[in-house]
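Peer 1: Before I ask anything, let me first share the structure, which is written out below as C-alpha cells.
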Amino acid sequence: MEPTSPSVEPGAPAAFEPPAARSWRFSRHVAGTALLVAVGSEHGVAVPALLGGTGLGPRDLADPQREVTAEQELRVVRNLLAAAPEVTGARVGAAYHASTFGPLGFALLSSPTLGEAANLALRFIDLSFTFTIPSARREQDEVVVAVDDRGVPEDVRQFLVERDLTAIWTVLREICGSGAGPADGWGGSGTSFRFASRWLDHPLPQANTHACALAEALCRDLVSPRRGRHGITEQVRILVAQHLERGAPMADVAAGLGLSERSLRRRLAEAQTSYRVVLDDVRSGIADQLLAEGLLLDDVARRLGYAEASSLVVAHRRWTGRTPRQA
C-alpha cells in the first residue's frame, strides 16, 4: 500500500529539465567501476579478470581522484557478464547509494524536495554512471521515468537498462528517507517506471539550502571543464592521468583508445591540440593538487612520471613561470 501523500504546498516542477547528456560516452568517476568489481568479487570473480583489457589496476579503484572512460567501465561490465552471467543488472543497480555519486549524491540528499532533486540529477547526469540516458515527464497524476537505450551495445543493453533503472529507483527511495516515497518501483521489464506525481512535493529529510547550493557548485566545477573539451581530448586526458606514474607514453594511451600513435596525433590535431599539450595540462593540474597537499617534491615528481625532482622544477617553471617552491 502506498504511503499517504505528504501534506505540503504544491511546488513541484511543471516540467522536467532535459538531461544534460544525450550520449553515454562521457567520462565518469571510478566509483561506478569499483562497484561493478565489488559485485563481481562477491560472486567469486578475481579482480584481474574483471579489469582485464581496461588498463586499470586495484590502485586505480582506490584512488579518490581517478576518472575512467565510458569504454573502460563498459569493458568491466562485459567481463563481469562473461565470468558471472548469473549477476543481473538489478543486483548491481541495488548496490548504488547516493554516496556513490560523490558531490552529486550530496546535492540530491540536501535538495528541498524530490522534484528539485530530480531536476538536479538531470542537470548533472554526466556526473553519474548511466549508459541509458534517463528522462522524466508528467502524465496526468503520474511521473514517468524512462531511459533511452538507443546506442547502447546490444550485448549489454538489457543488463544496463536493469542496472540504471534500479539504481535510479534505489537512490530515489533513499533520498526520501525512512522507507518513504513512492511504493511501487520498476518491475524488471520495459524501459520506464511510474510513481504518483504528488511525491515530487515531498520534502526531503536531509534538505539543507546552503549545503545543496555548495554541492551544486561543486558539481558545476566538476562538469564545466569536461563539457568544454573535445571528446578525444577528454579521453586522452583521462588515460594520461591513469598512466602518469609511468610517464604516460603516447603508445600506451593510443593503444588504450584502440588507435595507432599516428591516428591519435591526427585526431588531436583535428581537435586543435596535441599530445604534449594534453600531457602538460594533466601534469600541471595534478602538480597543483599535490603541492597544495604538502607532498615533497620527490614524491610529486614520481607521481607525475618524472625521474627526478629537477625535471619537475623545470616543467613547473615552463607551465607557470615559477618554481614549485615559489607557487
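The values are calculated or read from the model by the stated rules, or taken from the named source; none is laboratory data. From a predicted model like this one, the values you see are computed outputs, not experimental measurements. Every residue, glycine as well, gets a Cβ built from its backbone with ideal geometry; the counts of neighbours run over all protein chains shown.
Peer 1: Taking only the range 125-163 into account, find how many residues are basic (Lys, Arg), within 23 Å of PHE101 (Cα to Cα) and touching a helix residue (DSSP H, G or I) at 6+ places or on another chain (Cβ under 9 Å).
Peer 2: Number of matching residues: 1.
Peer 1: Checking GLY52 against (1) closer than 19 Å to LEU160 by Cα; (2) among the small types (Gly, Ala, Ser); (3) surrounded by 15 or more Cβ atoms within 10 Å (Cβ to Cβ), only one condition comes out false. Which one?
Peer 2: The one condition GLY52 does not meet is (1).
Peer 1: In contact with a Leu (Cβ under 7 Å, 6 or more places away or on another chain), at pLDDT below 95 and either in the same structural domain as VAL76 (by TED's automatic domain parsing) or under 20 Å from LEU74 (Cα atoms) (or both): which single residue out of VAL147, VAL143 fits that description?
Peer 2: Of VAL147, VAL143, the one residue that is in contact with a Leu (Cβ under 7 Å, 6 or more places away or on another chain), at pLDDT below 95 and either in the same structural domain as VAL76 (by TED's automatic domain parsing) or under 20 Å from LEU74 (Cα atoms) (or both) is VAL143.
Peer 1: Just for the range 55-70: of the residues that are charged (D, E, K, R) and either touching a helix residue (DSSP H, G or I) at 6+ places or on another chain (Cβ under 6 Å) or buried (at least 19 other Cβ atoms within 10 Å of the Cβ) (or both), which one is farthest from LEU222 (Cα to Cα)?
Peer 2: The selected residue is ASP60.
Peer 1: May I ask you to say which residue of ARG173, ARG157, ARG137 is under 30 Å from LEU56 (Cβ atoms), assigned by TED's automatic domain parsing to the domain that holds GLY32 and of a type outside the set (A, V, I, L, M, F, W, C)?
Peer 2: Only one candidate passes the filter, namely ARG157.
Peer 1: Against the condition touching a helix residue (DSSP H, G or I) at 6+ places or on another chain (Cβ under 8 Å), surrounded by 13 or more Cβ atoms within 10 Å (Cβ to Cβ) and in a helix (DSSP H, G or I), how does ALA241 come out, does it pass?
Peer 2: Yes, satisfied.
Peer 1: If you don't mind, another one. What about PHE131, is it outside any loop (DSSP other than H, G, I, E, B), crowded, with 18+ Cβ neighbours inside 10 Å, within 17 Å of the chain's Cα centre (by Cα) and among the aromatic types (Phe, Trp, Tyr)?
Peer 2: no
Peer 1: Filter the range 72-87 down to residues that are free of Cβ contacts under 8 Å to residues at least 24 places away in the same chain and part of a helix (DSSP H, G or I) and give me whichever is surrounded by the fewest Cβ atoms within 10 Å (Cβ to Cβ).
Peer 2: Once the filter is applied, the top-ranked residue is ALA82.
Peer 1: Specify which of the listed residues (VAL47, VAL92, VAL87, VAL68) is modelled with pLDDT of 95 or more, under 20 Å from LEU244 (Cα atoms) and among the hydrophobic types (A, V, I, L, M, F, W, C).
Peer 2: VAL68
Peer 1: Looking at the range 31-53, is at least one residue more than 30 Å from ALA211 (Cβ to Cβ) and touching a strand residue (DSSP E or B) at 6+ places or on another chain (Cβ under 9 Å)?
Peer 2: Within the range 31-53, none of the residues are more than 30 Å from ALA211 (Cβ to Cβ) and touching a strand residue (DSSP E or B) at 6+ places or on another chain (Cβ under 9 Å).
Peer 1: What residue, of LEU297, LEU259, LEU244, LEU239, is within 18 Å of ASP63 (Cβ to Cβ) and in contact with a Lys or Arg (Cβ under 9 Å, 6 or more places away or on another chain)?
Peer 2: LEU244
Peer 1: What residue, among those in the range 34-70 that are within 21 Å of SER99 (Cα to Cα) and not in a helix (DSSP H, G or I), is farthest from the chain's Cα centre (by Cα)?
Peer 2: ASP63
Peer 1: A further question on this structure: Check whether at least one residue in the range 92-101 is surrounded by fewer than 21 Cβ atoms within 10 Å (Cβ to Cβ) and under 17 Å from PHE159 (Cβ atoms), and report yes or no.
Peer 2: Yes.
Peer 1: Next up: Please determine, by comparing only the residues of the range 15-30 that are of a type outside the set (D, E, K, R) and out of contact with any strand residue (DSSP E or B) (no Cβ under 8 Å at 6 or more places or on another chain), which one is nearest to ARG237 (Cα to Cα).
Peer 2: Only one residue tops the list, namely PHE26.
Peer 1: Name the one entry in LEU296, LEU304 that is closer than 16 Å to VAL240 by Cα and at pLDDT 90 or above.
Peer 2: LEU304
Peer 1: Please go through the range 273-291 and give me each residue that is more than 25 Å from the chain's Cα centre (by Cα) and either over 21 Å from VAL253 (Cβ atoms) or in a helix (DSSP H, G or I) (or both), ordered by number.
Peer 2: Listed by number, the residues that qualify are ARG276, LEU291.
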